[in-house]
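Report on one structure; see the data block that follows.
The values are calculated or read from the model by the stated rules, or taken from the named source; none is laboratory data. Note that the structure is predicted; figures quoted are calculated from it, not measured. Positions of Cβ are generated from backbone atoms using ideal geometry, with glycine treated the same way; all protein chains shown enter the neighbour counts. Protein only, heavy atoms only, side chains kept; ligands, DNA and RNA dropped before computing areas. Shrake-Rupley method; radii C 1.70, N 1.55, O 1.52, S 1.80 Å.
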Amino acid sequence: WSGMLRAADTPRLLIRGFGGLSLLSICLAIASGHYLLAGLPVVALIAYLALVDFRMLFYLLLFCLPLSTEVVLPGGFGTDLPTEPLMVGLMLIALLFALAGLRRLDISAYRHPITFLLLLHLGWIYLTTITSNLWFISFKFSLAKTWYVVVFYFLAAYLLRDIRQQKRFFWLVFLPLLLTVLVTMARHATYGFSFVGIHKVLHPFQRNHVNYAAMLTLFLPFVWFAWRRQQQSSFRWWLLLGSIALLLLAIYLSYTRAAYLALLASVGAYFAFRQKLIRYLIGAG
């Protein structure tokens, strides 16, 4: 009975502890003037998720991708908040998880030639880092490449294995992305949708119009495939159809020619995959 009571009291104790930490951090932030201390509860919550179920941390990262902002730090450093710290933490968790269950780890999903090419690419980056004249900058670049590859390729392949998880991935990215597009378009309208205006309305979501257009262009095929899978004339069907039109308009108003070309190329690539012409196109290239 005492064991059952202790188990039942655990959620209550956690809530009380989290509330106490929140109150303490706010008081410390006000008293010291260091307002970053008010973020301690968020750090504690992320640490708790990392220990209990790191999948929730991965889902949080996905949700934050369209909402992240670039922050310039002292000493020439810069980072994207909150996504880059989440990536670093998830990389360390993924490595520990892989080492702990090395014998039980299913590596069949990683035997694809793309995995080999990606590892070869990463190895070449580290090799050139050793011979670089700007060693410190090159090392920072190599580290950033590493946590991108570990989190968005290896960890994503492990966590997004079935259709249910893939649908969750889509909606976690799509909804905040749609919000950023709506906010950007509304702000851009105040400048008459001008080329000069697009540079002024992207903060804090994107660094520049090229990054903005690239993200929309890369995610548009996911929206199109999700729309194709919905029941016709359902709410989600109309939502995604309207979103496709909105994303196309947003890409056009981003004034990024590379995005226009990428969209045209993606249509050609789709039909090439459907007709199994990729090997011929590669040979012709």
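Observations on the model:
- Taking a straight line from the alpha carbon of LYS276, these lysines sit under 30 Å away, with near neighbours fewer than eight places off in the same chain left out: LYS167.
- Using a probe radius of 1.4 angstrom, the carbon and sulfur fraction of the accessible surface of the chain is 71%.
- For a modelled paramagnetic label at PHE97, 7 Å from Cα along Cα-to-Cβ, the residues of the stretch 157-183 in reach, with backbone nitrogen under 20 Å, are 157-173.
- For the stretch 117-160, dividing the convex hull volume of the Cα atoms by the residue count gives 45 Å³ per residue.
- Overall Cα dimensions of the stretch 136-285, principal axis frame, Å, largest first: 55, 46, 36
- A 1.4 Å probe run over the protein chains yields, for the stretch 172-276, 60 Å² of accessible area per residue, whole-number rounding.
- Across ILE198, ILE278, the residue with the most accessible area heads the list, and the full order at a 1.4 Å probe is ILE278, ILE198.
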